[in-house]
Amino acid sequence: MNTRQDGGSNRLDDAARAGWLYYVAGNTQDQIATTLGISRQTAQRLVSLAVSEGLIKVRVDHPIANCLELAARLRSRFAFDLVEVVPSDPNSSSTTIGIAEAAAAEIERRLRSPTPIVMAIGTGRTLKAAIEQLPPMECPQHKVVSLTGNISPDGSAAFYNVIFTMADRVKARSFPMPLPVIASSPEEREMLLNQPMIQPTLALAAEADVTFIGIGDLGPKAPLYEDGFISESELKALQKAGGIAEIVGWVYDREGRMIEGITNDRVSSASLPSREKSLVIALAMGERKLPGILAAANRRLINGLITDERTAAALLASV
């Protein structure tokens with residue numbers, strides 16, 4: 001698809017979103033402008049475009065309408081501060097398509113703000129796919145901080161750690177964590193985290209205004225295991241202890257409670273920023289990740305979610 005077609009498609013998506021907010025959700029044009037991060041004049045033009053393109057009848061005649069309704073229900077059910085639901089591709093088994101693009105748009109929108117922010121970044125396949133879609137930007141006013149170490153067990157750079165890719169794309173001040181993802185012992189972890197060069201990064205991560213993280217499942221093909229961060233015996237021990245998913249290495253159970261010991265006492269990741277003072281957005285979709293998303297939402301490990309229609313519907317059916 002060429003650039004002009006892409007632009008037209010995105011414009012109709014925006015128009016459908018504005019039309020739904022105006023005609024279905026009953027938002028004013030000022031509220032739409034605030035929600036979408038645009039001017040009131042642009043909001044007015046988008047609502048008009050939704051009408052002129054025939055998207056508005058009795059309902060919004062566009063696939064995005066179901067996504068908006070699912071997002072509104074998720075926001076209400078889990079008290080999320082941000083929800084984005086993208087259409088599902090019934091012919092795709094990908095766990096990144098759609099949400100990576102939506103996440104990239106959300107990250108870009110926040111980075112384009114002239115007001116300085118601190119953005120914390122996790123790791124994972126979906127987040128990497130999102131960062132790779134960011135356009136080149138000059139954002140010297142912002143700080144981007146990694147929540148996780150960037151060293152694999154063999155000493156190489158962790159493949160799905162995205163802090164350096166992001167720093168190169170957006171030209172913001174970046175703060176990596178030059179640590180192993182999982183230390184060899186609790187004592188080593190304590191020693192590493194107490195290093196003078198690490199303490200400011202941990203403090204900065206705790207102050208993040210917005211955080212983007214992935215959710216890894218703990219099944220037979222758990223990312224932590226497949227990427228070599230934990231052994232098969234450790235994976236089985238975590239499963240036996242009730243572990244179902246992980247966020248930046250921290251493994252939790254179906255209630256969203258952190259597993260005691262095993263690998264959790266060796267994870268060198270920063271703690272998740274406060275969900276009361278900031279926004280922690282998970283990028284996750286798919287059946288394998290569903291239990292982890294549900295537990296994280298119920299326990300309020302996250303207060304934002306970017307997912308797809310099928311996952312959103314499954315989440316609502318699970319409660």
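Hey, got the dipole for the chain? About the Cα centre, +1 on K and R Cβ, -1 on D and E Cβ, debye to the nearest 20?
Value, rounded to 20: 740 debye.
Mind pulling up the Rg/Rh value for region 88-205? Radius of gyration and Kirkwood radius, both on Cα.
1.02
Figure the gain on full extension for residue 44 and residue 233 (residue separation times 0.36 nm, minus the Cα-Cα span) and round it to one decimal in nm.
Full extension of this stretch gives 62.2 nm more.
Given the Cα-Cα distance of residue 79 and residue 190 and 0.36 nm per residue of separation, how much length would full extension add, in nm?
36.5 nm
Whose amide H sits under 5 Å from the amide H of residue 86, counting only residues 5 or more places off or on another chain, with H placed in the peptide plane?
Amide H neighbours of residue 86: 307, 308, 309.
Applying the Karplus parametrisation 6.51 cos²θ - 1.76 cosθ + 1.60 with θ = phi - 60° to the phi angles of region 21-36, what ³J(HN,Hα) value in whole Hz is obtained for each residue in order, glycine and proline being reported as x?
4, 7, 8, 9, 7, x, 6, 7, 5, 5, 5, 4, 4, 5, 4, 8
Roughly how many Å is it from the Cα centre of region 216-240 to that of region 139-209, as a whole number?
22
Just the Cα atoms of the chain, one point each, no solvent: what log10 I(q)/I(0) does Debye give at q = 0.09, 0.10 Å⁻¹?
So the normalised log intensities are -0.47, -0.58.
Tell me the angle of helix 64-78 to the major Cα principal axis of the chain, expressed in degrees between 0 and 90 and rounded to the nearest ten.
Taking the Cα atoms of the chain, the angle to 64-78 is about 50 degrees.
If we count every other residue with Cβ under 13 angstrom of residue 268's Cβ, Lys/Arg +1 and Asp/Glu -1, where does the sum land?
The answer is -2.
Could I have the simple spin-label model distance between residue 300 and residue 241, label points 7 Å from Cα toward Cβ, reported in nm to one decimal?
About 2.5 nm, to one decimal.
Taking K and R as +1 and D and E as -1, what net charge do the other residues with C-beta under 11 Å from the C-beta of residue 300 add up to?
0
Suppose the chain between residue 173 and residue 262 were pulled fully straight at 0.36 nm per residue; how much longer would it get relative to their current alpha carbon spacing?
Residue separation times 0.36 nm, minus the Cα-Cα distance, leaves 28.6 nm.
Mind checking the angle between helix 40-52 and the chain's longest principal axis? C-alpha axes, 0 to 90 degrees, to the nearest 10.
For helix 40-52, the angle is close to 60 degrees.
Kirkwood hydrodynamic radius, computed over distinct alpha-carbon pairs, for region 143-235: how many Å, to one decimal?
14.5
Viscosity 1.002 mPa s, temperature 20 °C: what is the translational diffusion coefficient of region 117-157 from Stokes-Einstein with a Kirkwood Rh over Cα pairs, rounded to a whole number of µm²/s?
Value of D from the Cα-based Kirkwood radius: 177 µm²/s.
Can you tally the net charge around residue 160? Count Lys and Arg as +1, Asp and Glu as -1, for every other residue whose Cβ sits under 14 Å from the Cβ of residue 160.
Within the 14 Å Cβ shell, the charges total -2.
Loop only by DSSP, 11 or fewer other Cβ within 10 Å of the Cβ. Give me the GluC sites (Glu not before Pro) in region 220-310 that pass, ordered by residue number.
When the GluC sites (Glu not before Pro) of region 220-310 are filtered for loop state and at most 11 Cβ neighbours within 10 Å, 255, 260, 276 remain.
Between region 245-295 and region 297-319, what's the alpha-carbon centroid distance in Å?
Between the Cα centres of region 245-295 and region 297-319 lies a distance of 14 Å.
Would you list the P(r) distribution for region 49-129, with all Cα-Cα distances sorted into 5 Å bins from 0 and each bin expressed as a whole %?
P(r) over region 49-129, rounded to whole percents: 3, 12, 15, 19, 21, 18, 8, 5, 1.
P(r) tail for region 227-319, what percent of Cα pairs lie past 23 Å?
Above the 23 Å cut-off, region 227-319 has 25 percent of its Cα pairs.
Label points 7 Å out from Cα along the Cβ direction at residue 276 and residue 318: separation in nm?
Using points 7 Å along Cα→Cβ, the separation is 2.6 nm.
Where a number appears in this text, it was derived from the coordinates with a stated rule and is not lab data. Keep in mind the model is a prediction, meaning the values are calculated, not measured. Note: ideal-geometry Cβ built from the backbone for every residue, glycine included; neighbour counts use all protein chains shown.
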